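As structure tokens, the structure follows; a few thoughts come after it.
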Amino acid sequence: QVQLVESGGGWVQTGGSLRLSCAASGSIFSLSLMGWYRQAPGEQRKLVAVIASGGTTNYLDSVKGRFTISRDNAKNTVFLQMNSLKSEDTAVYYCNAVLKISPGGTWDTYWGRGTQVTVSS
């Protein structure tokens with residue numbers, strides 16, 4: 001069984017910074033994409049940032065230049081450094097991973113339970 005556990009959320013003032021972490025554990029054979037999504041009240045969940053195993057990244061336009069995604073492949077962990085936070089960044093942030101649990105298995109998507117990020121003045 002695979003688990004994704006997020007940490008690092010909380011409240012921060014406008015312009016501040018937070019760093020989210022997500023560790024994948026369990027029966028993992030191979031880990032491909034890891035990423036962060038967010039969902040604000042009344043909105044659909046949307047991709048914030050994604051990173052491939054080789055380090056290629058992609059970001060939501062509104063966070064480019066402010067957020068940085070990184071990963072530690074040895075520890076199956078992904079990070080999201082969030083700087084210059086704005087009120088519109090307030091949301092529940094979910095960790096996402098695409099992985100295989102066996103050599104002949106399929107690539108499946110797993111989710112964390114989410115961590116709340118609240119930005120206000």
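Numbers below:
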read-out: Proximal lysines to residue 46, defined as alpha-carbon separation beneath 19 angstrom and excluding residues fewer than eight positions away on the same chain; value: 64, 86
read-out: Largest to smallest accessible area among 79, 67, 29 [probe 1.4 Å]; value: 29, 79, 67
read-out: Region 90-105 versus region 19-89: alpha-carbon centroid distance in Å; value: 11
read-out: Proximal aspartates and glutamates relative to residue 100, as straight alpha-carbon distance under 14 Å, when same-chain residues fewer than 8 apart are discounted; value: 108
read-out: Candidate residues 101, 28: accessible-area rank, largest first, probe 1.4 Å; value: 101, 28
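The values are calculated or read from the model by the stated rules, or taken from the named source; none is laboratory data. What you are looking at is a predicted structure, and each value in this text was computed from that prediction instead of being measured. Heads up: the accessible areas ignore ligands, DNA and RNA and are worked out on the full protein's heavy atoms, side chains in. Shrake-Rupley method; radii C 1.70, N 1.55, O 1.52, S 1.80 Å.
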